[in-house]
Amino acid sequence: MKDLRENWSSNFGFVLAATGSAIGLGNLWKFPFITWKNDGGAFVLIYLVCIIAVGLPIMMAELLVGRKTQKSAVGAMREAVGPAWGWVGTWGVMAGFVILSYYAVVAGWSLFYLFQTLNWSFFGFPAQANMGGLFEGLAANGLLQTILSGAFMLLTVAVVFFGVHGGIEKTARLCLPALFGILLLLLFSSLTMEGSGEALNFIFRPNFSELDTVAILEALGHAFFTLSLGMGTMIVYGSYVARERSLVNAAGSIVLLDTVIALIATIIMFSVIFTVPGMSEQVDGSPVGMLFISLPQLFYEVVPGGVVLAPAFYLLVALAALTSTISLLEVVVSYFIDQKKMERSRATLLSGACIYMFTFLSGLSFGAFPWLSNFELFDGKAGFFATMDHFASNWALPLGGLLITVGVGWFMPSKDTEAELVESGSPGWFNYKAWLFAVRFIAPAAVAAILVAVIFFGKDFS
Ligand code: PHE
C-alpha cells in the first residue's frame with residue numbers, strides 16, 4: 001500500500017514546495033511590520049536565534065514524522081508517537097482550517113492591489129490619490145471582499161485538486177523562481193535608493209537597550225508562523241518524501257530560504273520608507289498600513305521604475321500567498337484522504353467550500369457587517385478576522401508546536417528519529433545529539449514560555 005502514495009518527483013521539487021509554504025504573507029506582511037515595531041537590529045538577531053534554536057529542530061521533527069509514516073498529520077502522529085497523539089494531528093488540521101480561512105482574505109487584497117497597480121501603471125497614477133481611503137473602501141466593501149477572497153480560494157482549490165505532483169509541485173516550480181526573480185529585481189532597485197543605508201542600519205545594527213522580553217516571545221511566535229510549523233504542514237509535506245532523501249539538508253534549505261526572503265523583503269520596504277522624509281513617522285499602527293497603504297503610493301512617487309515594479313511587487317505577494325494557501329488546504333485535504341478514505345477531488349472541493357464559509361465571515365468583518373466587525377471572543381480583539389488570527393498565533397500554533405516537539409523528543413524512540421535524520425545522509429553541520437537536546441529541552445521551554453505569557457500575562461502575539 002505504502003508505495004502507492006504519491007511522492008514529490010525530486011528533492012528539488014519538494015524543497016521548492018515546502019519553501020513555498022513557508023514563504024508567504026508572514027514574510028512580506030508580518031515580519032517587516034514586527035521588525036519595525038520592535039526597532040529592528042536586536043529583534044532581528046533574536047529572531048535568527050529563535051529560527052535556528054527552535055524553528056529548525058521542529059522543522060526536522062515534523063518532516064521526519066511525516067516521512068517515517070508516509071501519512072498525513074493525524075495518522076502520522078498516531079503511528080510515530082502513539083495512539084493518543086493523533087489528537088495533536090487533529091488540532092493541526094483544525095488550525096490549518098482556521099488559518100486558511102482568514103489568510104485568504106489578505107491574499108485576496110493582494111489580488112486587488114495587483115489589478116489596481118496594473119491599472120495605474122497603464123493609465124496613470126492619480127495626482128491626489130488617497131491611499132488610506134482606497135484601502136478603507138476595499139475593507140468595508142463586503143461584495144468585493146467576498147469576490148477577491150473567493151477568487152483566491154478557487155485558485156487554491158484548483159491547485160490542490162490536481163494533487164501533490166500535478167498540482168502542488170508544479171505550481172511551486174512555476175511560482176518560486178518567479179518570486180525570487182521579482183524579489184531580486186526589487187532588491188537591486190531599492191538598494192539604489194537614498195534610504196537604503198538607513199534601512200540596512202535599522203535592520204542589522206542591534207541595539208539591545210530597546211528590546212524587551214515580549215519581543216523575544218514575539219520573534220519566537222513568528223518563527224512558527226513563518227516556517228509553517230505547529231500544525232502539521234511539514235508532517236504532510238514530509239510524508240511525500242521518498243525514503244532515501246536527506247531531511248536535514250531539506251530542512252536547512254527551507255529555513256535558510258525563508259529567512260533570507262524575509263530579510264530581503266524587509267530591506268526593500270524599509271529602503272523605500274526611509275527614502276521619503278517624514279514617512280517613517282507615518283508608517284505605524286498595523287502591517288496593513290505598510291503593505292497596502294504606504295507602499296503603493298511610494299512605488300509611483302519615489303521608486304525608480306515603479307511603474308513596472310509596483311505590479312511586480314503585488315504579483316510577488318499573491319504568488320507567495322498562493323504557495324502558502326495551497327499547503328494549508330493540503331493539510332485539511334490529506335486528512336480526509338488518509339483518515340476518511342475520500343477521493344482527492346471530493347475532499348478538495350468539500351474542504352474548500354467549508355473553509356470558504358469562514359473566509360466569507362472574515363472578509364465581512366472589516367466594516368461591511370457590524371456584527372462581524374464587533375465580534376469579540378478574546379478581550380480587545382474585535383472582529384471575526386482578528387479573532388481567528390489571535391486564536392491561530394497565540395493558541396493553535398504554539399500549542400501544536402509544543403505537543404509535536406514533546407511527542408517527537410520524549411515519546412518517539414530515539415532510534416527512530418536518528419534513523420530518519422542520520423541514515424538518509426546528513427551534512428557535516430548536523431549533530432544528532434544537539435538536535436535531540438533542542439527538541440527535548442530548548443524548544444518545549446521556549447514554546448511553553450509563549451503559552452505562559454498568553455495565559456497568565458494576557459500577551460498577544462497575533
Ligand atoms: N508560513 C506561511 C507564511 O509565512 C503561513 C503558514 C502558516 C502556512 C502555517 C502554512 C501553515 O505566510
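The values are calculated or read from the model by the stated rules, or taken from the named source; none is laboratory data. What you see is a predicted model, and the numbers here were worked out from it, not measured in a lab. Cβ placement follows ideal geometry from the backbone for every residue including glycine, while neighbour counts extend to all protein chains displayed. Accessible surface areas use protein heavy atoms only, side chains included; no ligands, DNA or RNA. Shrake-Rupley method; radii C 1.70, N 1.55, O 1.52, S 1.80 Å.
Details
- Set of lysines with alpha-carbon distance to LYS433 below 16 Å, sequence-local pairs under 8 removed: LYS415
- Size descriptors for the chain: radius of gyration and Dmax over Cα atoms are 21.1, 66 Å.
- Per residue solvent-accessible surface (Å²) - the chain, probe of 1.4 Å: 38
- Cross-link reach list, lysines versus LYS37, counting only Cα pairs under 20 Å and skipping chain neighbours closer than eight places: LYS381, LYS459
- Between helix 247-275 and the chain: long-axis angle, C-alpha atoms, 0 to 90°, nearest 10: 10
- Label point distance in nm, SER10-VAL302, each placed 7 Å from Cα along Cα→Cβ: 4.2
- In order along the range 392-401, the phi-based Karplus estimate (6.51 cos²θ - 1.76 cosθ + 1.60, θ = phi - 60°) of 3J(HN,Hα) comes to 5, 6, 8, 10, 4, 6, x, 5, x, x Hz; Gly and Pro are listed as x.
- What you get for the range 371-462, charging only the Cβ of Lys and Arg (+1) and of Asp and Glu (-1), is a dipole of about 220 debye around the Cα centre.
- Charge dipole (debye, nearest 20) of the range 324-402; +1 at Cβ of Lys and Arg, -1 at Cβ of Asp and Glu: 280
- Sites TRP429 and ALA158, calculated FRET efficiency, Cβ-Cβ separation with R0 45 Å, nearest 0.05: 0.70
- The stretch between ILE147 and LEU184 holds 10.2 nm of extra length on full extension. This uses 0.36 nm per residue minus the Cα-Cα distance.
- The Rg/Rh ratio for the range 59-202, using Cα coordinates for both the radius of gyration and the Kirkwood hydrodynamic radius, is 1.08.
- Considering only GLN297, ILE182, GLY425, the residue lying farthest towards the positive end of the dipole of the chain is GLY425, judged by Cα position with unit charges set on Cβ.
- Placed amide H near MET342: partners under 5 Å, 5+ positions off or other chain: ILE337
- Two-site label geometry, LYS341 and ALA127: point separation in nm, points 7 Å out along Cα→Cβ: 7.1
- Theoretical ellipticity at 222 nm over the chain - DSSP helices of four or more residues, -39500 (n - 2.57) apiece, nearest 500: -21500 deg cm²/dmol
- Heavy-atom surface analysis with a 1.4 Å probe gives the range 1-108 a carbon and sulfur content of 69 percent of its accessible area.
- J(HN,Hα) series, the range 81-86, from Karplus relation 6.51 cos²θ - 1.76 cosθ + 1.60, nearest Hz, glycine and proline x: 9, x, x, 5, 6, x
- Once the Cβ-Cβ distance of ASN249 and GLU136 is raised to the sixth power relative to R0 = 60 Å, the FRET efficiency obtained is 0.80.
- Derived scalar couplings between HN and Hα for the range 125-140 equal 8, x, 4, 9, 4, 10, 5, x, x, 4, 5, 4, x, 4, 4, 8 Hz in order, rounded to whole Hz, by the Karplus curve 6.51 cos²θ - 1.76 cosθ + 1.60 (θ = phi - 60°), x for Gly and Pro.
- Counting only alpha carbon atoms, the long axis of helix 41-50 and the longest principal axis of the chain meet at about 20°.
- Size of electric dipole in the chain: Cβ of Lys, Arg +1 and of Asp, Glu -1, about Cα centre, debye, nearest 20: 1260
- Our note on the geometry: Cα centres of the range 390-462 and the range 121-169, 35 Å apart.
- Reach of LYS340 by Cα under 17 Å, taken over lysines that are not fewer than 8 positions away in the same chain: LYS2, LYS71
- Within the accessible area of the range 179-312 (1.4 Å probe), percent carbon and sulfur: 63
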